[in-house]
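The values are calculated or read from the model by the stated rules, or taken from the named source; none is laboratory data. Quick caveat, the model's predicted, so the values are computed rather than measured. Note that each Cβ is placed from the backbone with ideal geometry, even for glycine, and that neighbours are counted across all protein chains shown. These area figures cover heavy atoms from the full protein model, side chains too; ligands, DNA and RNA do not enter into them. Shrake-Rupley method; radii C 1.70, N 1.55, O 1.52, S 1.80 Å.
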2 protein chains.
Amino acid sequence: MNIVKQRVTMRDIARKLGVSSVTVSKALNDKEGVSEELRKKIKETAREMGYRLNTLAKAMKEGYSYNVGVVIPERFIGDTQSFYLRFYQHIAKALDHYGYCSILHILTAEDEEQLQLPRVYNERKVDGFIMLGQVNKEYASLFQQIELPVVFLDFYHDQDVDCVLTDNFFGMYELTNHLIQCGHREIAFVGNIYSTSSIQDRFLGYYKSLLEHRIPLREEYIISDRDEKGKYIDFVLPKNMPTAFVCNCDQVAYHLVHTLKELGYRVPEDCSVVGFDNDIYATLAEPNLTTVQVNMEEMSDLAVKMIIEKSKDRNKKYGRVLVKGQIIYRDSVQRIND
Amino acid sequence: MNIVKQRVTMRDIARKLGVSSVTVSKALNDKEGVSEELRKKIKETAREMGYRLNTLAKAMKEGYSYNVGVVIPERFIGDTQSFYLRFYQHIAKALDHYGYCSILHILTAEDEEQLQLPRVYNERKVDGFIMLGQVNKEYASLFQQIELPVVFLDFYHDQDVDCVLTDNFFGMYELTNHLIQCGHREIAFVGNIYSTSSIQDRFLGYYKSLLEHRIPLREEYIISDRDEKGKYIDFVLPKNMPTAFVCNCDQVAYHLVHTLKELGYRVPEDCSVVGFDNDIYATLAEPNLTTVQVNMEEMSDLAVKMIIEKSKDRNKKYGRVLVKGQIIYRDSVQRIND
DNA sequence: CTGAAAGCGCTTACAG
DNA sequence: CTGAAAGCGCTTACAG
């Protein structure tokens, strides 16, 4: 491909070849109505002249921008967290695959509070939004009122919005089953169960496993990890220590392992610990954590497909789409039955 | 602000008010040629009708998209690295601040090899590029040949390209000085000095400090950390252990601390270790690492300002812009003089 | 201060 | 198979 400094348009190609720009458009877009011979010549000339499509013009004519806005609340991308940023990376790749571009919008707490929509919305730069990470209900509602489609990724509210979720419930259910199969019966859950829907669902999966195995749920075995604003707090461990801890995420599991070690407990000999997400903290912890891997690729791909379809057909509905995770077995669980 | 489903254009506002769309455009853009009274009425009506600017139309007319492409080589955003992703976050915020949007392009090794330009280039979706993270020379050259401006961020080649860099040289020079002030004279450098320009410059800063203090550079004290493809390799420690290790980045320092501990060395009692970047690994390591903090905000802001200016005036030149880092003192350095 | 005209670069629907 | 006309929604330069 030649690289040419000045802008070359379809009309330039048309002039050079003595045809009309309509014909050039048809040829370049592989539309009917051009002879094969002419199409070939046009494409060749376009390449020679270093032609690049002006998407803006196409977009304005068609009413599509071929951009999707991805909104991530700022609190989810602190210095020590990269989970959502990695997620975003998968989304960007998936969008690219379908010929779309992603525009990242980092939502500040202030904008969220004041129900401020992203600038890309006000400037009509995108065909729809993927909301990555839980926002408050009011903000979520706001996005349902705009005329652009939105898909929630990795969270949901009670509203009727299309969303793509890890099967938190089922994943934690299976993981807890695994602990029970290893002989554990005193199992604590670590996480603020009023904080996010993910944590809540993971908790419920844990609870279902207990129920099925006739193990009573003990209040002192529900250990909070963060305050209402999502800020991590010190763990208050129960008097009677459990043999295993089910943590709502790897980062919390990582910190718990630390705390336990400082208190003189060995992991996994004295206490088993499991996490969720399979993020960087899972392999940073020692021992490495048994956890549930979130399938970011598949979730991203689904969310992208959904938002693209929805931008073309506003009546498309998908509901809650669950994507199964996968247990990764590592070294943080001790078998205590023989 | 009202939220309206159907699209409302300037002409709709004009009709409602019995004026022309030219006047509406002027009023909304705060341009001269409208009475204050009318301007006010137009803005009010626009708000009432839920008007949103169609940037595509504006962009096409003006020839600007108000988008900037940010290119990150895929190899820099693996599962355990979030440095560049966090950088990207700062860039996105800075662009937003100037009314621009960022479009992320993740450059695969394959596309880099085949000199494939990003789709956003071919589709004219951006006004310029910020290249975040070192690409090979051929690819870098390619970007200098296109008619869009480009700014390199956090790396440079010998070519004459505008770039924003951490002052790697000076930062490592100061950090090494600090070690020497603490009494160290046997100081090793950890990093493949043929790998990237950042590592090379950091190495040279280290070397300058040695030179100034008349400490000879010893070959066995240059310890490689990665192969030519950037893949981490096992450290080959020297027979005569140094008292301090200067690592080219925190992640490598983190791994080195691990290795040292496994070999029975205590950090910092037996060996001091320092890193660079102040990323997540600096505080993950035990002891926490003394390191140099990269000023991502300022670097991002500079790169953004530069690319915006350059997109408006192709003749603007900035050269190599260095941004000073800051030493963060933590617990990985032992004072060995009394 | 206000507006009619032209044009940005493309695509769609229709006519030949 | 090929192309003239109209239009997407805005802005600029100019005329009144």
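Take the alpha-carbon centre of region A:124-139, take the same for region B:128-180, and report the distance between them in whole Å.
Region A:124-139 and region B:128-180 have Cα centres separated by 34 Å.
Using heavy-atom solvent-accessible surface (probe 1.4 Å) with all chains present, what is the largest-first order of A:D250, A:D167?
Largest accessible area first, the residues go A:D167, A:D250.
What distance in nm separates the two pseudo spin-label positions at B:Q116 and A:K305, each 7 Å out from Cα along the beta-carbon direction?
Each label point lies 7 Å from its Cα, and together they span 2.2 nm.
In square angstrom, rounded to the nearest 10, how much accessible surface does B:T108 have for a 1.4 Å probe?
The value for B:T108 is about 30 Å².
For chain B, what % of the accessible area comes from carbon and sulfur atoms, probe 1.4 Å?
On the way: 7210 of 15430 Å².
Exposed carbon and sulfur together represent 47 percent of the surface.
Based on the Cβ-Cβ distance of A:D160 and A:N288, what FRET efficiency does E = 1/(1 + (r/R0)^6) give at R0 = 45 Å, to the nearest 0.05? Mind showing how you got there, number by number?
Values: r = 40 Å, r/R0 = 0.89.
Calculated transfer efficiency: 0.65.
Give the lysines reachable from B:K317 as a straight Cα distance under 22 Å; neighbours fewer than 8 places away on the same chain don't count.
Result set, ordered by chain and number: A:K5, B:K137, B:K305.
Ordered shortest first, which distances in nm separate the 7 Å Cα→C-beta label point of B:G50 from those of the other copies?
4.5
State, to one decimal in nm and shortest first, how far the label point of A:D234 sits from each corresponding label point in the other identical copies (label point: 7 angstrom along Cα-to-Cβ).
Reported distances to equivalent positions: 4.2 nm.
By DSSP, what percent of the beta bridges with both residues in the protein assembly as shown are antiparallel, rounded to the nearest 5? Don't jump to the answer; show the numbers that get you there.
On the way: 9 of 71 bridges.
Expressed as a percentage, antiparallel bridges in the protein assembly as shown total about 15.
Just to be sure I understand: of the beta bridges DSSP finds with both ends in chain A, what percent are antiparallel, rounded to 5?
10 percent
From the residues A:F76, B:F235, B:G50, which one has its Cα farthest along the dipole of the protein assembly as shown in the positive direction, the dipole being from +1 and -1 charges on Cβ of Lys/Arg and Asp/Glu about the Cα centre?
B:G50
In percent, how large is the relative contact order of region A:1-119, given Cα pairs closer than 8 Å and 6 or more residues apart? Please list the in-between numbers first.
Details: 110 pairs, mean separation 25.6, N = 119.
Dividing the mean separation by the residue count of region A:1-119 yields 22 percent.
Distances from A:H97 to the same position in the other copies: list them in nm, one decimal, shortest first, using label points 7 Å from Cα along Cα→Cβ.
3.5
To the nearest 10 degrees, how steep is helix A:197-212 against the longest Cα principal axis of chain A, on a 0 to 90 scale?
Here the helix axis deviates by roughly 50 degrees.
Please give the total accessible area that chains B and A bury against each other, computed with a 1.4 Å probe and expressed in Å² to the nearest 100. Show your work: numbers first, answer last.
Numbers: alone 18200 and 18180 Å², together 30870 Å².
In total, this chain pair buries about 5500 Å².
Putting +1 on Lys and Arg Cβ atoms and -1 on Asp and Glu Cβ atoms, find which of A:V246, A:T283, A:V304 reaches farthest to the positive end of the dipole of region A:245-317.
A:V304
Compute the long axis of helix A:250-262 from its Cα atoms, compare it with the longest principal axis of the Cα atoms of chain A, and write down the angle in degrees, 0 to 90, nearest 10.
That helix lies at roughly 30 degrees to the long axis.
Starting from the Cα coordinates of the protein assembly as shown, work out the convex hull volume and express it per residue in Å³.
Spelled out: Cα convex hull of the protein assembly as shown, divided by residues, is 201 Å³.
Would you compute, from DSSP H runs of 4+ residues alone, the mean residue ellipticity of chain A at 222 nm, taking -39500 (n - 2.57) per run and dividing by the full residue count, rounded to the nearest 500?
-12000 deg cm²/dmol
Just reorder B:V257, B:V22 by solvent-accessible area, largest first, 1.4 Å probe, all chains present.
On the way: B:V257 5, B:V22 85 Å².
Accessible-area ranking of B:V257, B:V22, largest first: B:V22, B:V257.
To the nearest 10 degrees, how steep is helix B:168-181 against the longest Cα principal axis of chain B, on a 0 to 90 scale?
Tilt of helix B:168-181: around 30 degrees.
Accessible surface of B:H97 in the full protein assembly, 1.4 angstrom probe, to the nearest 10 Å²?
Roughly 140 Å² of B:H97 is accessible to a 1.4 Å probe.
Report the rotationally averaged projected area of chain A based on its alpha-carbon convex hull, in square nanometres.
That works out to 22.0 nm², a quarter of the Cα hull's surface.
Could you pull out every one of the lysines with an alpha carbon less than 16 Å from that of A:K58, ignoring same-chain neighbours closer than 8 positions?
A:K26, A:K31, A:K125, A:K312, B:K58, B:K61, B:K125
For chain B, give the magnitude of the charge dipole about the Cα centre (Cβ charges: +1 Lys/Arg, -1 Asp/Glu; no others), in debye to the nearest 20.
Its charge dipole is roughly 1960 debye.
What fraction of the DSSP beta bridges in region B:215-338 is antiparallel, stated in percent and rounded to the nearest 5?
Bridges in region B:215-338 that DSSP calls antiparallel: roughly 45 percent.
Region A:255-279 to region A:32-89: how many Å between their Cα centroids?
Each part reduced to its Cα centre gives a spacing of 46 Å.
How much accessible surface area, in Å² rounded to 10, belongs to the heavy atoms of B:E44 with a 1.4 Å probe?
90 Å²
Under a 1.4 angstrom probe, counting protein chains only, how are B:R75, A:R266 ranked by accessible area, largest first?
Details: B:R75 110, A:R266 135 Å².
These residues rank, largest area first, as A:R266, B:R75.
Over the whole of A:117-124, what's the average partner chain Cβ count within 10 Å per residue? Rounded to a whole number, please.
Counting Cβ atoms of other protein chains within 10 Å of each residue's Cβ and averaging gives 5.
Before anything else, pin down the relative contact order of region A:10-53: Cα pairs under 8 Å, at least 6 apart, normalised by residue count, whole percent. Walk me through the intermediate numbers first.
Numbers: 34 pairs, mean separation 14.9, N = 44.
About 34 percent, as a whole number.
In nm, to one decimal, how far is the A:E44 label point from the A:E269 one, both placed 7 Å along Cα→Cβ?
7.7 nm
Tell me the relative contact order for chain A as a rounded percent, counting alpha carbon contacts under 8 Å between residues six or more apart.
Details: 582 pairs, mean separation 52.4, N = 338.
Reported as a whole number, the value is 16 percent.
Cα centroids of region B:197-229 and region A:287-318: how far apart, whole angstrom?
The two parts, judged by their Cα centres, are 46 Å apart.
Given the Cα-Cα distance of A:Q181 and A:M241 and 0.36 nm per residue of separation, how much length would full extension add, in nm? Each step should come with its number before you reach the end.
Numbers: separation 60, 0.36 × 60 = 21.60 nm, distance 1.92 nm.
Stretched fully, the A:Q181-A:M241 segment lengthens by 19.7 nm.
Computed FRET efficiency, Cβ-Cβ of A:A57 and B:I336, R0 51 Å: what is it to the nearest 0.05?
Efficiency, rounded to the nearest 0.05: 0.15.
Which value, in Å², gives the accessible area per residue of chain A when a 1.4 Å probe is used on the protein heavy atoms? Please list the in-between numbers first.
Numbers: 15430 Å² over 338 residues.
In whole numbers, chain A has 46 Å² accessible per residue.
Averaged over its residues, how many other protein chain Cβ atoms are within 10 Å of peptide A:69-75's Cβ atoms? Numbers along the way, then the final one.
Working: counts 1, 1, 0, 2, 0, 2, 0.
Averaged over the peptide's residues, the number is 1.
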